Amino acid sequence: ASNCGTSLAPGATCTVEVSFRPSSEGNKSALLSVSSNDPLNGSPLGTFSVPLSGLGSTITLSSQALFFGAQVLYTTSSSQVISILNTSSAPMNISNVTLSGANPADFTQTNNCPTNLGAGRACSINVRFTPKGEGTRLATMSIFDSAAGSPQSVPLSGTGLLGPAAVISPTSVNFGNVRRGSTSAAQTVTLSSTGGVGLKISSISLGGASSNDFGLTNNCPIGGAGLAAGATCTVSVSFKPARRTGTRTATVVFADNANNVNSTQNVVLMGVAQ
């Protein structure tokens, strides 16, 4: 590229930028020729030439593509590594490593590659995936260098998943009037795992002012792998008022990892002892 145009005023200058992009390994040469009406180069048109030379390098990448699989939104994968080996007999310049494409912000790279990679030497690029949206996420990593075929392109892909999520229904249960010393009919509360990965449940318990007047059983998996994505479990709750009359309240407390944090969801219980 140049800014010379078709004429140059007396005493003025212009520049010509030349880049080298070899298509194969080995010594390369060319001539940059400029035609003008300079009488020192002949009249009416003369040509002067600038010799150009360079040495083409070749490289080998350890992977041609990286696939990160499924990753929960806004969490970061472990690194995947691409090694770059200069397989030629000459040093190779590495000018930049960039990310582009549909979702470049979902991927990050760090590398230990020098600007000048010696013959037979290698360096590495570490790539991580932090999805910021659901579904397939795509990007391209481009390696700009002096090797044949530059830039080298490496497709990157992964899948963004919703984190663990919980939906409880109903969120309140009213047992109405129940005689002291008796037990109501059981009512059911359903816990649904609505995220893209399983919901880990650490406990299901009763709390509140009158928790001793209520009872519960459940079939939910406590600890371990948890409640699989898309699955449900149930809690059976009953009201069993003891001595005094009046309104009783309590809470069923679900402790889990919804939204990837230590979360609690509550169901309010109420009944009247007669």
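The values are calculated or read from the model by the stated rules, or taken from the named source; none is laboratory data. Since the structure is predicted, the reported quantities are computational estimates derived from the model, not experimental observations. So basically every Cβ, Gly included, is an ideal-geometry build from the backbone, and we count neighbours across all protein chains shown.
Taking the listed residues LEU199, LEU161, LEU156, the one that is in contact (Cβ under 8 Å) with a residue 60 or more places away in the chain, out of contact with any Lys or Arg (no Cβ under 9 Å at 6 or more places or on another chain) and within 28 Å of ALA70 (Cα to Cα) is LEU161, with no other qualifying. Within segment 239-263, the residues that satisfy the criterion of being without any contact (Cβ under 8 Å) to a residue 60 or more places away in the chain and closer than 17 Å to GLY181 by Cα are GLY246, THR247, ARG248, THR249. As a summary of the residue check, ILE94 satisfies the conditions (1) over 20 Å from THR140 (Cα atoms); (2) crowded, with 18+ Cβ neighbours inside 10 Å except for the one numbered (1). For ASP106, indicate whether it is over 30 Å from ALA258 (Cα atoms) and among the acidic types (Asp, Glu). In short, no. When segment 4-21 is filtered for residues that are surrounded by 10 or more Cβ atoms within 10 Å (Cβ to Cβ), modelled with pLDDT of 80 or more and either aliphatic (A, V, I, L, M) or assigned to a strand (DSSP E or B) (or both), the ones remaining, listed by number, are LEU8, VAL16.
Each row is one residue, and each column tells you yes or no for (1) under 29 Å from LEU138 (Cβ atoms); (2) of a type in the set (A, V, I, L, M, F, W, C); (3) at pLDDT below 95.
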| site | (1), (2), (3) |
| --- | --- |
| SER2 | no, no, yes |
| SER23 | yes, no, yes |
| PRO39 | no, no, yes |
| SER83 | yes, no, no |
| LEU99 | yes, yes, no |
| ASN112 | yes, no, no |
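Within segment 54-85, the set of residues being closer than 27 Å to THR194 by Cβ, β-branched (Val, Ile, Thr) and in a strand (DSSP E or B) comprises just one member, VAL72. Evaluated against (1) of a type outside the set (D, E, K, R); (2) crowded, with 18+ Cβ neighbours inside 10 Å; (3) more than 36 Å from the chain's Cα centre (by Cα), GLY198 falls short on exactly one condition, (3). Scanning segment 124-141 for residues that are assigned to a strand (DSSP E or B) and more than 16 Å from PHE67 (Cα to Cα) yields a total of 1.
Looking across segment 233-270 at every residue that is farther than 14 Å from VAL189 by Cβ and among the small types (Gly, Ala, Ser), the one that is surrounded by the most Cβ atoms within 10 Å (Cβ to Cβ) is identified as ALA258. Among the numbered conditions (1) farther than 16 Å from GLY160 by Cα; (2) surrounded by 13 or more Cβ atoms within 10 Å (Cβ to Cβ); (3) touching a residue at least 24 places away in the same chain (Cβ under 8 Å), the only one that ASN111 does not meet is (3).
Is it the case that segment 98-116 has a residue that's under 11 Å from the mean Cα position of the chain (by Cα) and charged (D, E, K, R)? Yes, the conditions are met somewhere in segment 98-116.
Selection within segment 145-195: residues that are at pLDDT below 95 and at positive phi. The member of this set that is surrounded by the fewest Cβ atoms within 10 Å (Cβ to Cβ) is GLY181. Is it the case, given these coordinates, that ARG121 is of a type in the set (Lys, Arg) and more than 14 Å from THR159 (Cα to Cα)? Judged against the criteria, ARG121 is a match.
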